[in-house]
Amino acid sequence: MTIGLTEEETALADAVAGFVSRHASRESTRAALDGLAAGVTPQSWKALTAQGLLSVHLPEEHGGGGGTGLDLAVVVAEAARGLYPGPFLATVLTSSILTWASDGAAPFLARFAEGARGTCALDAAGLTARKTPTGYTVSGTTGPLLSPKDAELVLLAAQDGDREIWFVLDGQKPHDVSALEGVDPTRGLGSLTLADHEVPESALVTVHPGRARDLAATLFAAEAVGLIRWCLETGVEYAKTREQFGRPIGSFQAIKHKCARMFVELETMAAAAWDAARAVGGPDDQLTLAASGAALVCVPAARRLALETITLLGGIGYTWEHDAHFAWRRGVQLGALLGRPDGWERRLGVAALTAEREFTVKVAEQDPEARAEIARIIDEAAALTEPARRIHLAEHGMVAPHYPAPYGRAATPMEQLVIAQEFERAGIVQPSTVIGEWALPTLLAYGTPEQIAEHVPASLRGEVVWCQLFSEPGAGSDLASLSTRAVKVEGGWRVNGQKVWTSSAHEADRAICLARTDPDAPKHKGLSYFVVDMDSEGVEVRPLREANGGYLFNEVFLNDVFVPDSRLVGEPGQGWTLARTTLGNERVSIGRMSLTQLDLPALARAHGAPQDDRVLCEFGGLTAANQAIAALGLRATLRSVSGLKPGAEASVIKVAAGLQTTAIADTALTWVGASAADSADQVVRTYLSVPSQLIGGGTVEIQLNVIAERILGLPRG
């Protein structure tokens, strides 16, 4: 649930958390509310400066830590989780703009490293400038600014005809500060009024206005993540201990799903904020894409999820004595200061019509000779036609390189990425065994040498297609309730039952099948795992026609099917264990996760974007969520490559991707208008295919239960 991934980033977050708990506890913040709302600087400011938390991102030559945008985002998120008060966010935002979005700001950066307080505007609204022989005169009143009362360095913009000028007010107070009653009582709010104020040339800085707003979106998103992390931790702990009707409320499915959905959103927010932070300092188009996405995914969610927390806590959560309203109020203020979501939707929509966010993994070259060998093998394959190409790749361990030799190359996650990159370079698709990616790892882990020799090489060569006979009409996600029976007979087993929702059954050669071999054993312990030949006598496959008119799934009837003993994998009764098994070194993907078959930018352009504002905004909103889910996938890949403990991305992606797939298809359906009456339209076909993505592999509701119980630790019902 944190923004950072690496051990160093985790250590930085821990250091910030420790600092806040020692120097700015929530109790001390409460005690100082009157002064904080009036703009008084917290007593811990000197300690904050000495700790280097104000300057972690500033260049080393100016006394800073030389850190990245991601380092600063980690600090901002953890400070927000602890509700650190005062001008902290305003100060680091101002100094980050002067660091990454301006020229001529060097004289001010050392001041920030020494502890100077700052604030800034994000645009020229309210101020006008007039050129003079020595600089400019500026007049007007700014919009609301964070913590302006005691700011020593104030970065402002003013409109000079059709251009903006940016300047720094340094030290002196040649302006009036009008205090505003901020919705967040832990830090000041106000506006500045200038009357023919002289701005000398030495005070001017060149600021990229778009980049300044993108940096604000990035840091506001990070703060939103910190706020909601505290909210979820608080809400889940309450749900574990608060009892109603003699049970913890966390055992009620409605509460479980509420908490799990919050967790999914928080993980998605963290991914979006992380993506924006890693884009800081990079190409402008990439920062615009990532920061605009973070603005949309994170900032509006802060107030909404904080309110969800208050309702989860019940009446106590709505009282002034509980801290939940501080997160809620701060979330409200973040959204107000950053600007309306539709503005960010337009910004992202325009950018995404011509550019795409990059989610590639950069692989450090560790073994050039190994890469050269991989490239040679793949280039040789590229010169062949099928089936010779597939056979060549299988013989060299390139179909499933994570498998042990001789079937694969026992490739590490990093080596798998190199192989995937070489496939991309050669312009050929890396083969997959599809359902075999579930079957073959289990055979390699539990199968006999004879079973492995019979099934694995042929599957890798593409000679065997697999399907999976698990789900039944009365046992979908609850596989322990399946009723297909396997009765021991001489030389093997007789299997009877019905399976359903079986992909590829109509073209499969073999199937992995779960059947109950001990009806008297507890549900999970009476199952066994078989390999079934799909051309066996008694196997009947009936395609299931879907609402879209297609035939992706099948129902399979097993009528007294004989399965020889040689096709029992493992021991009788081990089926549940085997069904949950994959090899620890799983395939690593570097590709962008595909949420839809639709070309969303092309579809948006075809239906009026960017001229049609509604389509443009909707396209921008969809793009923000798409990018966040892609960032989740990249984070999971980076954890694997770096040898870090797996996160919760897989469970979160399943839920988030299902909901987003629905949103994309539903929105696209409104774009095509009357064409949606024609079932031949690609958008209509895509929409009618949504249920398979929502149901396959476990419904969203089942996934929410898994998240609530296995990740959040809420009690079973």
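If both residues of a DSSP beta bridge must be in the chain, then about 85% of such bridges are antiparallel. For residue 33 and residue 131, a Förster radius of 41 Å and the Cβ-Cβ distance give a FRET efficiency of 0.40, rounded to the nearest 0.05.
With contacts taken as Cα pairs under 8 Å and at least 6 residues apart, the stretch 243-321 reaches a relative contact order of 22 percent. Going by accessible surface with a 1.4 Å probe and the largest first, 561, 489 read 489, 561. Hydrodynamic radius of the stretch 198-322 by the Kirkwood approach over all distinct alpha-carbon pairs: 16.4 Å.
Rounded to the nearest 10 degrees, the angle from helix 253-279 to the longest Cα principal axis of the chain is 60 degrees. Find the relative contact order for the stretch 387-491 and round it to a whole percent, using C-alpha pairs within less than 8 Å whose residues are 6+ positions apart. Once divided by the residue count of the stretch 387-491, the mean separation gives 21 percent. For residue 461, the solvent-accessible surface computed with a 1.4 Å probe is close to 80 Å², ligands and nucleic acids excluded. For the stretch 142-227, a/c is not less than 1.5, where a ≥ b ≥ c are the root eigenvalues of the C-alpha gyration tensor, and a/b does not top b/c. That puts it in the oblate class. With a simple spin-label model that places each label point 7 Å from the Cα along the Cα-to-Cβ direction, the separation between residue 114 and residue 571 comes to 7.5 nm. Listed by chain and number, the lysines whose C-alpha is less than 21 Å from the C-alpha of residue 131, apart from same-chain residues fewer than 8 away, amount to an empty set. Taking square-rooted eigenvalues a ≥ b ≥ c of the alpha carbon gyration tensor, is the chain rounded, prolate or oblate, where a/c under 1.5 means rounded and, failing that, a/b exceeding b/c means prolate? Taking the square roots of the gyration eigenvalues as a ≥ b ≥ c, the chain is prolate.
Rank 97, 428 by accessible area, highest first, at a 1.4 Å probe radius?
428, 97
Summed over qualifying helices (DSSP H, 4 residues or more, each -39500 (n - 2.57)) and divided by its residue number, the chain shows a 222 nm mean residue ellipticity of -15000 deg cm²/dmol. Using +1 at the C-beta of Lys and Arg and -1 at the C-beta of Asp and Glu, which of 180, 625, 393 has the Cα lying farthest in the positive direction of the dipole of the chain? Of the listed residues, the answer is 180.
Across the protein chains, with a 1.4 Å probe defining accessible surface, the residues 386, 114, 9 rank 114, 386, 9 from largest area downward. Inverting the pair-averaged 1/r between distinct Cα atoms of the stretch 352-506 gives 18.3 Å as its Kirkwood hydrodynamic radius. Kirkwood hydrodynamic radius of the stretch 286-359, from the reciprocal of the average inverse Cα-Cα distance over all distinct pairs: 13.7 Å.
Think of the stretch 40-113 as having a plus end and a minus end, set by charges on the Cβ of Lys, Arg, Asp and Glu; of 56, 74, 43, 43 sits farthest toward the positive end of this dipole.
Label sites at residue 243 and residue 60, each approximated as a point 7 angstrom past Cα along Cα to Cβ, lie 5.8 nm apart.
Computed on the stretch 592-717, with alpha-carbon pairs under 8 angstrom and 6+ residues apart, the relative contact order is 25 percent.
For the stretch 304-414, just say rounded, prolate or oblate: build the C-alpha gyration tensor, square-root its eigenvalues into a ≥ b ≥ c, call rounded for a/c under 1.5, and beyond that prolate if a/b exceeds b/c, oblate if not. It comes out prolate by the Cα gyration axes. With loop defined by DSSP as not H, G, I, E or B, and exposure as at most 14 other Cβ atoms within 10 Å, which is the longest segment of the chain clear of exposed chymotrypsin sites (Phe, Trp or Tyr not before Pro)? Excluding the exposed sites themselves, the longest stretch runs over 1-244. Projecting label points 7 angstrom from Cα along Cα→Cβ for residue 376 and residue 178 puts them 7.6 nm apart. Taking the stretch 3-120 as the region of interest, what is the percent of Cα-Cα pairs per 5 angstrom bin, listed from the shortest bin to the one with the maximum distance? Cα pair-distance distribution for the stretch 3-120, in percent: 2, 12, 23, 24, 19, 12, 6, 1, 0.
Helix 324-338 and the long axis of the chain differ in direction by around 70°, with both axes built from C-alpha atoms. For the charge dipole of the chain, defined by +1 on Lys and Arg C-beta atoms and -1 on Asp and Glu C-beta atoms about the Cα centroid, which residue among 207, 276, 10 has the Cα displaced farthest towards the positive pole? The residue sitting farthest along the positive end of the dipole is 10. For residue 607, the accessible surface of its heavy atoms amounts to roughly 60 Å² (probe 1.4 Å, protein chains only, rounded to the nearest 10). Semi-axes of the equivalent ellipsoid of the stretch 384-450 are 21, 15, 10 Å, computed as sqrt(5λ) over the eigenvalues of the C-alpha gyration tensor in descending order.
Whole-Hz ³J(HN,Hα) for each residue in the stretch 453-465, computed from phi via Karplus 6.51 cos²θ - 1.76 cosθ + 1.60 with θ = phi - 60°, x for glycine and proline: what do you get? Result, rounded to whole Hz: 5, 6, 9, 6, x, 5, 5, 5, 6, x, 8, 10, 10.
At the listed q of 0.14, 0.19, 0.22 Å⁻¹, the Debye profile of the stretch 606-671, built from one uniform point per Cα, gives log10 I(q)/I(0) equal to -0.52, -0.75, -0.87. Computed from the Cβ-Cβ distance with R0 of 41 Å, the FRET efficiency linking residue 17 to residue 680 stands at 0.10. When the solvent-accessible area of the chain is split by element, carbon and sulfur atoms take up 53 percent of it, the probe being 1.4 Å.
Taking 0.36 nm per residue of separation and subtracting the Cα-Cα distance, full extension of the segment from residue 487 to residue 642 would add 51.1 nm.
Under the combined filter of DSSP loop state and at most 16 neighbouring Cβ atoms within 10 Å, the stretch 328-436 retains these trypsin sites (Lys or Arg not before Pro): 362.
Exposure check, 1.4 Å probe, all protein chains in place: residue 131 carries approximately 100 Å² of accessible surface. Taking only the C-alpha atoms of the stretch 422-498, the Rg (one decimal) and the largest Cα-Cα distance, Dmax (whole number), read 16.6, 54 Å.
Averaged per residue, the stretch 185-248 has 37 square angstrom of accessible surface, using a 1.4 angstrom probe with ligands and nucleic acids left out.
For the stretch 350-493, the solvent-accessible area works out to 47 Å² per residue, with a probe of 1.4 Å and every protein chain left in place. Pair-distance distribution of the stretch 70-172: all C-alpha pairs, bin width 10 Å, starting at 0; shares per bin in whole percent are 14, 44, 32, 8, 1. Relative to the dominant Cα principal axis of the chain, helix 88-100 is inclined by about 80°.
Cβ-Cβ distance of residue 507 and residue 448, R₀ of 25 Å, FRET efficiency by 1/(1 + (r/R0)^6): the value works out to about 0.40.
The values are calculated or read from the model by the stated rules, or taken from the named source; none is laboratory data. Please read these numbers as outputs of a predicted model, since none were measured by experiment. Glycine also receives a Cβ, built like all others from the backbone with ideal geometry; neighbour counts cover every protein chain displayed. Just so you know, the surface numbers come from the protein's heavy atoms only, side chains and all, with ligands and any DNA or RNA stripped out. Shrake-Rupley method; radii C 1.70, N 1.55, O 1.52, S 1.80 Å.
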